[in-house]
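Written out below as structure tokens is the structure these notes cover.
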């Protein structure tokens, strides 16, 4: 418990510092009074409106007061107003968050579904042809950033390619691709499940393949180490079935790096989503943030960044707690501390 | 410990000595396997670097702003596919994609290397100091790195580059900070956090070793212990992380350019090429695919070298 509180306070400090620094960064160079409001409202806004906005959000006071008022607004649900979108920021985020949430969770879950069985089998059949091909593939995908994968997958899956075969099937033509729409439309699963998956499949793939590769590399490495441990030999020796040894005894003790990495990837998924959403014109949090930063939409950036940091903090805490669930030894050490 | 890594010694396959007992088949095979991937990575990177920095003097690389005339003698959009006239085809402004890709490599490599050097100097220093002094210094450094890692890296990079650009326009003494150096600075800051963490972790274990104790007991000051005793032992770790980090930073530079936050207008980069030509992927796949391929091969090569180094020095870098 004490350990948990200590971690919580540490993460709270991180949250406040990051949100504060983001606020200062967004206001860099806007030093004259009224400048932030003018940026916020656009060049043509009249003086009365500028003064009113400055008053409302205390934009003429020092950074700490501004931060305090913004934070107070956040807590009470008022995230400010986004002028380029002429919407309250909370409305704007509500409209966008689902896309990224779905995209991100598909990517992580699909990544785990692909990575875990592959990695376990690779570790079990170490140095076999399967292991080598798997390692090579995962190495290649680790090195394939989203801006590389997105065009390649577009070429293979979205564009219609007519391929003319040569000998022995002289001039026989096959058409592959053209299975998915070029531009992702925001169709939610409760509206039309089929169309939803069609629209989200390629962007998800762009995010998930590198993630799956990272996961499987980590898990394979750890599994190889675990399978050499004495307790695995003992379990086999006392007659536990190989399948159970592999999937229960060994897997459970190999999950630590994977867990850390899952946490990191959840925290960083918006980074990948920025590229994927831009490429496939899906309007989610990623595209919203980029537009907001470029158009100096102060409150949107601040509030969205605060939400992201809060998510990262919560994920980190959860990962920390899961460590203790997985390994009784950690629970014990922490209880003593 | 040897810290100089020449490709020749690193690439030489180690002799498979008959060990006592029976060596497992897997072990034997691993000693014999020639390092194809590593050799490819070194050759590719050396060639690419040479071509990129000597591009002005090489006769077979046109200037990036040269117009390649189409078959009818006039410049046009996407006139050539991959051919002898234009090796990687031509793009929407009838520029040569091969030349733009090579000049793009110059930008990417420069940005990546400078940002990594920045990350090594700042992150390494922070890490060594935090690991050596521990206590509140360590706390402060860890909070800084936590803060840097709390926001998605690409998002932080977009904010920093965008704001630095505005800030420079308002501030006289920052005139030298062109777009390229803004990106270098931004990516360098991002590279600082993971490097600081790894160096700190290594320093924490190194400072308990006997040679550090010996140095301290004959009266060496902290600065000397850190620089002369601990730092040389950190070089393998830093080198390994630097290569892996370089691949991540080059990918990040590509992503920034793709989002419109690349270097100055007129300088070709891979990300910009991909962004400009992606809507024409149906008619002219070459203009998008070749920059993609180059970016992929570069990232892959740095990863391959990083992987080889980490095996050689037995370094685990799960956290990166």
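Brief remarks on what is shown
- Sole exception among (1) surrounded by 21 or more Cβ atoms within 10 Å (Cβ to Cβ); (2) away from chain A (no Cβ under 14 Å) for residue B:221, by number: (1)
- The set of residues in region A:102-125 being under 18 Å from the mean Cα position of the chain (by Cα) and without any contact (Cβ under 8 Å) to a residue 60 or more places away in the chain consists of A:105, A:109, A:113.
- Any hit, region B:94-106, residues being in a loop (DSSP other than H, G, I, E, B), touching a helix residue (DSSP H, G or I) at 6+ places or on another chain (Cβ under 6 Å) and at pLDDT below 75: no
- Residue in region A:123-142 that is surrounded by the most Cβ atoms within 10 Å (Cβ to Cβ), counting only those that are over 18 Å from residue B:35 (Cα atoms) and facing another protein chain (nearest Cβ under 9 Å): A:142
- Qualifying residues in region A:266-279 (those that are more than 9 Å from chain B (Cβ to nearest Cβ) and crowded, with 24+ Cβ neighbours inside 10 Å) - the one nearest to residue A:146 (Cα to Cα): A:276
- Some residue of region A:161-173 being within 13 Å of chain B (Cβ to nearest Cβ), in a loop (DSSP other than H, G, I, E, B) and in contact with a helix residue (DSSP H, G or I) (Cβ under 9 Å, 6 or more places away or on another chain): no
- Scope region B:216-236; condition touching a residue at least 60 places away in the same chain (Cβ under 8 Å) and either under 11 Å from the mean Cα position of the chain (by Cα) or farther than 19 Å from residue B:38 by Cβ (or both); matching residues: B:222, B:225, B:226, B:230, B:231, B:232, B:233, B:234, B:235
- When every residue of region A:96-103 is checked against the conditions, at least one turns out to be modelled with pLDDT of 75 or more, closer than 30 Å to residue A:215 by Cβ and within 14 Å of chain B (Cβ to nearest Cβ).
- Residues in region B:253-293 that are modelled with pLDDT of 90 or more and out of contact with any helix residue (DSSP H, G or I) (no Cβ under 7 Å at 6 or more places or on another chain): B:293 only.
- Residue satisfying condition, being touching a helix residue (DSSP H, G or I) at 6+ places or on another chain (Cβ under 8 Å), surrounded by 23 or more Cβ atoms within 10 Å (Cβ to Cβ) and either within 10 Å of another protein chain (Cβ to nearest Cβ) or within 17 Å of residue B:251 (Cβ to Cβ) (or both), within set A:294, A:282, A:298, A:289: A:289
- Each residue in region A:187-220 was checked for being at pLDDT 90 or above and either more than 31 Å from the chain's Cα centre (by Cα) or not in a helix (DSSP H, G or I) (or both), and 0 of them qualify.
- As a summary of the residue check, residue A:114 satisfies the conditions (1) assigned to a strand (DSSP E or B); (2) away from every other protein chain (no Cβ under 14 Å) except for the one numbered (1).
- If you go through region B:130-152 and keep only what is facing chain A (nearest Cβ under 7 Å) and surrounded by fewer than 22 Cβ atoms within 10 Å (Cβ to Cβ), you end up with B:143, B:146, B:147.
- Residue within region A:176-188 that is crowded, with 19+ Cβ neighbours inside 10 Å, within 22 Å of residue B:277 (Cα to Cα) and away from chain B (no Cβ under 11 Å) present: yes
- Residues (within 18 Å of the chain's Cα centre (by Cα) and surrounded by 16 or more Cβ atoms within 10 Å (Cβ to Cβ)) located in region A:311-330: A:311, A:312, A:313, A:315, A:316, A:317, A:319
The values are calculated or read from the model by the stated rules, or taken from the named source; none is laboratory data. The model shown is predicted, which means the values in this text are computed figures rather than measured ones. Here the Cβ is made from the backbone with ideal geometry for all residues, glycine too, and neighbour counts use every protein chain on show.
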